[in-house]
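The values are calculated or read from the model by the stated rules, or taken from the named source; none is laboratory data. Computed from a predicted model, the values in this text were never measured in an experiment. Every residue, glycine as well, gets a Cβ built from its backbone with ideal geometry; the counts of neighbours run over all protein chains shown.
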Amino acid sequence: MTDKSLSLTLAILLLTGCSIPVAGTTNTTARIIDSAVQCSDPNQQQTVIHISNKQQLKQIASRLRGSLFPPPTVRLPNINFNRWHILYISSGQKPTAGYSLELAEPAFTVQQNRARLNVILNIPAPDAMVAAVITHPCMLVKLPRGNYTTIEVHGLNEVQQITVKKELSNRLK
């Protein structure tokens, strides 16, 4: 495969919303369920959405498939929403390829009634040869429910804060 055809193939994969499932992480409390470098998100800014049911998960998970026509069938993970919080995290629109999201270490901590999720926005090196294509990295993250009412997501341009309903957390006990 020539350099030109390899670059073209990579650009096509990015434009079609190539999804990159993550098999697992070393962290046992927070885990990436799915991620992509080209999500179809109507927001151009960073976004964090709390997903609280299977219907919302289905709608959000389709964003990880990009703008394929027709959209592929999305195989949803089996999530017990009484035990887990699911977050959709988007870095917002980026000017080139080479951007991606991942969990930092420690990925998830809880202090008092506040949980903190640490993410990393990987940025291509200034001298990296990357495709000149707008990308939109995003990921779905699974967090255990607990005795907290707020989740803060750190590692994007600004801290995103989500309030979760405490009464749902109390059902676990």
Among residues of region 49-74 being part of a loop (DSSP other than H, G, I, E, B) and within 16 Å of the chain's Cα centre (by Cα), the residue modelled with the highest pLDDT is SER52
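Just to be sure I understand, how many residues within region 18-48 are part of a loop (DSSP other than H, G, I, E, B) and either modelled with pLDDT of 90 or more or out of contact with any Lys or Arg (no Cβ under 6 Å at 6 or more places or on another chain) (or both)? First the steps, then the outcome.
Going through region 18-48, the residues part of a loop (DSSP other than H, G, I, E, B) turn out to be 18, 20-30, 37, 39-46.
Subsequent filtering for residues that are either modelled with pLDDT of 90 or more or out of contact with any Lys or Arg (no Cβ under 6 Å at 6 or more places or on another chain) (or both) retains 18, 20-24, 26-30, 37, 42-46.
So the answer is 17.
Just checking, how many residues over region 100-130 are of a type outside the set (A, V, I, L, M, F, W, C) and in contact (Cβ under 8 Å) with a residue 60 or more places away in the chain? If you could, list the steps in order and put the result at the bottom.
Pass one, region 100-130, residues of a type outside the set (A, V, I, L, M, F, W, C): 100, 102, 105-106, 109, 111-114, 116, 118, 122, 124, 126-127.
Of the ones still in play, those that are also in contact (Cβ under 8 Å) with a residue 60 or more places away in the chain are 100, 102, 105-106.
So the count comes out to 4.
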Quick check on my filter: what residues within region 131-152 are more than 24 Å from ASN80 (Cβ to Cβ), touching a residue at least 40 places away in the same chain (Cβ under 8 Å) and either among the β-branched types (Val, Ile, Thr) or in a loop (DSSP other than H, G, I, E, B) (or both)? ALA131, VAL133, ILE134, THR135, PRO137
Report, by residue number, each residue of region 111-145 that is more than 25 Å from THR29 (Cα to Cα) and not small (Gly, Ala, Ser). ILE123, PRO124, PRO126, ASP127, MET129, VAL130, VAL133, ILE134, THR135, HIS136
When every residue in region 113-128 that is under 22 Å from LEU87 (Cα atoms) and of a type in the set (D, E, K, R) is compared, the one modelled with the highest pLDDT is ARG116
Restrict the check to region 158-169 and report whether at least one residue is in contact (Cβ under 8 Å) with a residue 24 or more places away in the chain, farther than 17 Å from LEU64 by Cβ and in contact with a helix residue (DSSP H, G or I) (Cβ under 9 Å, 6 or more places away or on another chain). no
Starting from residues that are polar (S, T, N, Q) and part of a loop (DSSP other than H, G, I, E, B), keep the ones in region 98-125 and report whichever is surrounded by the most Cβ atoms within 10 Å (Cβ to Cβ). ASN113
Out of all the residues in region 90-97, is one or more assigned to a loop (DSSP other than H, G, I, E, B), among the hydroxyl-bearing types (Ser, Thr, Tyr) and either modelled with pLDDT of 95 or more or surrounded by 20 or more Cβ atoms within 10 Å (Cβ to Cβ) (or both)? yes
